[in-house]
Amino acid sequence: MKKILLILLVMPSQSCHSSQKYSDASANYTYMQIFYFGRKTYPGSAFISFTPEFQKQKDIKLNEQVNDLSNLGFNEIIKVQEERDQKMRGMLIKTLNTVTVEGWEIVQMSSYGDGGLVYLLRRVK
């Protein structure tokens, strides 16, 4: 009976101790936000913005000329826009992979406007 009581007393203290490392209030973090503005949020100017700067960059823009769409039919315009959106999503994924390699972890993601996203990241100082 004493062994069972001893085991029951030790188990809760170990579980409390192990969870303490995850909720350590003394951890000091640096935070960063990544804003993704799709064409629905800002038509014709999809870009990714960092707050604060990341690798000396504040914004990443899709560096390509937007063709004159006036001569295209509706389906062709949709196809051009979908291709551009796909390139921007690819840049966003590449950016998120780069920041995680540098030690940042995504803490939260939420929508921003119509088609925009905001990522909150942190890393230990």
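Structure data summary
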| quantity | calculated |
| --- | --- |
| Sequence ranges 70-77, 94-101, 116-123, ranked by mean other-Cβ count within 10 angstrom, highest first | 116-123, 94-101, 70-77 |
| Over 20 Å between alpha carbons, listed pairs LYS56/LYS87; LYS56/LYS125; LYS94/LYS125; LYS58/LYS79 | LYS56/LYS87; LYS94/LYS125; LYS58/LYS79 |
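None of the figures in this text is laboratory data; all of them are computed from the coordinates on show. These figures come from a predicted structure and were not determined experimentally. When we count neighbours, we look across all protein chains shown, and the Cβ atoms used for this are built from the backbone with ideal geometry, even at glycine.
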